[in-house]
1. Evaluate the stretch 109-128: report whether one residue or more is under 15 Å from the mean Cα position of the chain (by Cα), outside any helix (DSSP H, G or I) and hydrophobic (A, V, I, L, M, F, W, C).
2. Can you tell me how many residues within the stretch 66-94 are surrounded by fewer than 14 Cβ atoms within 10 Å (Cβ to Cβ), in a loop (DSSP other than H, G, I, E, B) and in contact with a strand residue (DSSP E or B) (Cβ under 9 Å, 6 or more places away or on another chain)?
3. Take the residues in the stretch 13-37 that are among the acidic types (Asp, Glu) and exposed (fewer than 11 other Cβ atoms within 10 Å of the Cβ), then tell me which one is farthest from Ile120 (Cα to Cα).
4. I need the full set of residues from the stretch 38-53 which are crowded, with 18+ Cβ neighbours inside 10 Å and either of a type in the set (Ser, Thr, Tyr) or in contact (Cβ under 8 Å) with a residue 60 or more places away in the chain (or both), in order please.
5. Does the stretch 95-126 hold any residues that are surrounded by fewer than 23 Cβ atoms within 10 Å (Cβ to Cβ), in contact with a His (Cβ under 9 Å, 6 or more places away or on another chain) and within 17 Å of Asp84 (Cβ to Cβ), and which are they?
6. So, in the stretch 128-142, of the ones that are in contact (Cβ under 8 Å) with a residue 12 or more places away in the chain and out of contact with any helix residue (DSSP H, G or I) (no Cβ under 7 Å at 6 or more places or on another chain), which residue ends up surrounded by the most Cβ atoms within 10 Å (Cβ to Cβ)?
7. Could you check Gly149 against (1) outside any strand (DSSP E or B); (2) modelled with pLDDT of 95 or more; (3) surrounded by 17 or more Cβ atoms within 10 Å (Cβ to Cβ) and say which number it fails?
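The values are calculated or read from the model by the stated rules, or taken from the named source; none is laboratory data. What you are looking at is a predicted structure, and each value in this text was computed from that prediction instead of being measured. Cβ placement follows ideal geometry from the backbone for every residue including glycine, while neighbour counts extend to all protein chains displayed.
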Amino acid sequence: MELTHINEQGRAKMVDVSDKKETPREAVAYACIHMKRETLERIKEGTIAKGDVLSVAQVAGIMGAKKTSDIIPMCHPIMMTGCDINFSLDFENNKVEITATARTVGQTGIEMESLCAVSIAALTIYDMCKAIDREMTVSDVMLMKKSGGKSGTFERY
């Protein structure tokens, strides 16, 4: 298998996608952040000192998706056509589940943007709650689904 991000000299390169067709593409990513039950309750009640945790994490996640090519060296800048983030408070397991869906019409995939969105949203939750819970753990960052492009559809479950 050829490594697409390595040039003839063995150094990193950005893949040339100019010959690829523009197609609609979508990617869904998931992450979660485990925390103390009291922290989860305070998020729900809106009593975290820094403000509305999920609203701020929503905006931060979208901003993270938009800045993916600035922080992941070989990612192409992508014109996203949409990005949405959903949160689910799981009191049985003391965690917030985060799902991000990113869309584009373009020559390259949008998986990294959805993965950055859930990661930045989770880190924002950590940042906003760390004063009361430094034991929070971000985990299970993964691509759940992607569609479009030459490789077709992927679905984890």
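1. Checked the stretch 109-128: at least one residue is under 15 Å from the mean Cα position of the chain (by Cα), outside any helix (DSSP H, G or I) and hydrophobic (A, V, I, L, M, F, W, C).
2. Residues flagged as surrounded by fewer than 14 Cβ atoms within 10 Å (Cβ to Cβ), in a loop (DSSP other than H, G, I, E, B) and in contact with a strand residue (DSSP E or B) (Cβ under 9 Å, 6 or more places away or on another chain) within the stretch 66-94 amount to 4.
3. Asp19
4. The answer is Thr39, Arg42, Ile43, Ile48, Val53.
5. none
6. Checked the stretch 128-142; the qualifying residue surrounded by the most Cβ atoms within 10 Å (Cβ to Cβ) is Asp140.
7. (2)
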